[in-house]
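Contents: one structure, followed by commentary.
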Amino acid sequence: MFNPESPPELSVTRWINTRQPLSLKALEGKVVMVMAFQMLCRGCVEHGLPQARKVAEQFSDDEVVVIGLHSVFEHHAVMTPAALEAFMHEYGWPFPVAIDTPAAEDAGGLPATMKAYEMRGTPTILLFDRQGRLRRHYFGHVEDMRLSAELMGLAIEDAEAPREASVALERRMHATLLDPHAQHHHGHDHDHDHEHGEGCGCDHDHGHDHGHDHAHGHDHDHKATQK
C-alpha cells in the first residue's frame, strides 16, 4: 500500500494537449485533480470528463490544475494513442491528458499509475493538496456540489499549512458537507470516512475488490474506504 502523504508520481508514456510534460512534484503549490478515464467508458464520457471540463473552465489554473489520465485496462487494440488524439480533438477537452504506462504485453493486468494508486476502475478522481498529498480518491460519479466544495476547501488551504491546520479544515468540511451515501449519527463522534463515489451504473470496474484503506494519518482518521 502506498502512503498518501507522499504518493507516487504519475507513470506516463506520452502527454497530449500540453506543450510540456507535467508532474505532481512540479505542480506542488497548486491543487491538482486527476481524472482517470477510458474513452470507451460510458461513465467517463457522460459524467467524468464533462465534470473535469467544468472544473478546468471554472477554476483558475493558477490555483487548480486538471489532468486527464487515460488508463486503459481493456479493449487495448481500440483505445490507442492515435484514437485518443482524435477523441481529444473531437470533444475539445480543454485539459492535458497523460497516457498511463501500460502493463507489459506478456504480463497483462493494469497500467502502471492505475496499479500504483490501487484504482478500482474508471472513472476515478484523485485530488491532491498544495503540498502534494493525496486527499481524495473517488471511484465512480461524484456530485458536482461535493467535488466543487472539496476543491475550494483545498484551494483556500495555505500551501505551507501545518498538519494541524489541515486537520482543522477537514473537520470543518466534514461537519458542513453532508454525504448522502453515508450514515450520519447526530450528536455522536464519528470518523471521517473518505468514501469512493457511488458508481453511476456505467463505470468500468477492472474486476478486483481491494478492500483496503488509504489512511492519510490525520488525527481525524481520514480514510478512503473502497466499495
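Couple of notes before you dig in:
- Scanning the stretch 121-147 for residues that are closer than 26 Å to A103 by Cβ and either of a type in the set (D, E, K, R) or outside any loop (DSSP other than H, G, I, E, B) (or both) yields G121, T122, T124, I125, L126, L127, F128, L134, R136, H137, Y138, F139.
- Selection status of V72, crowded, with 21+ Cβ neighbours inside 10 Å, among the aliphatic types (A, V, I, L, M) and more than 14 Å from the chain's Cα centre (by Cα): yes
- Condition met for I67 (over 13 Å from the mean Cα position of the chain (by Cα), among the β-branched types (V, I, T), surrounded by 13 or more Cβ atoms within 10 Å (Cβ to Cβ) and under 21 Å from S11 (Cα atoms)): no
- Looking across the stretch 13-27, just one residue is touching an Asp or Glu at 6+ places or on another chain (Cβ under 7 Å), closer than 15 Å to T101 by Cα and of a type in the set (A, V, I, L, M), and that is I16.
- Candidates G132, G197, G153 - the one that is closer than 20 Å to V55 by Cα, modelled with pLDDT of 95 or more, surrounded by 15 or more Cβ atoms within 10 Å (Cβ to Cβ) and not aromatic (F, W, Y): G132
- Checking every residue in the stretch 55-65 against the condition of being part of a strand (DSSP E or B), at pLDDT 95 or above and either farther than 19 Å from L154 by Cβ or among the charged types (D, E, K, R) (or both) gives zero matches.
- Which numbered condition A26 fails, given (1) without any contact (Cβ under 8 Å) to a residue 12 or more places away in the chain; (2) assigned to a helix (DSSP H, G or I): (2)
- Only a single criterion out of (1) under 16 Å from the mean Cα position of the chain (by Cα); (2) farther than 26 Å from A104 by Cα is not satisfied by M35, namely (2).
- Some residue of the stretch 113-120 being part of a helix (DSSP H, G or I) and buried (at least 22 other Cβ atoms within 10 Å of the Cβ): yes
- Answer from A104, A83, A52, A36 - the residue that is free of Cβ contacts under 8 Å to residues at least 40 places away in the same chain and aliphatic (A, V, I, L, M): A104
- Test: residue in the stretch 183-193 that is at pLDDT below 70, under 28 Å from E46 (Cα atoms) and surrounded by 13 or more Cβ atoms within 10 Å (Cβ to Cβ): yes
- Some residue of the stretch 95-108 being surrounded by 21 or more Cβ atoms within 10 Å (Cβ to Cβ), assigned to a loop (DSSP other than H, G, I, E, B) and either on the phi > 0 side of the Ramachandran plot or within 14 Å of the chain's Cα centre (by Cα) (or both): no
- Here L10 fulfils each of the conditions (1) touching a helix residue (DSSP H, G or I) at 6+ places or on another chain (Cβ under 7 Å); (2) not in a loop (DSSP other than H, G, I, E, B) apart from (2).
The values are calculated or read from the model by the stated rules, or taken from the named source; none is laboratory data. This structure is a prediction, so every number in the text was calculated from the model and none was measured. Virtual Cβ from ideal backbone geometry, glycine too; neighbours counted across all protein chains shown.
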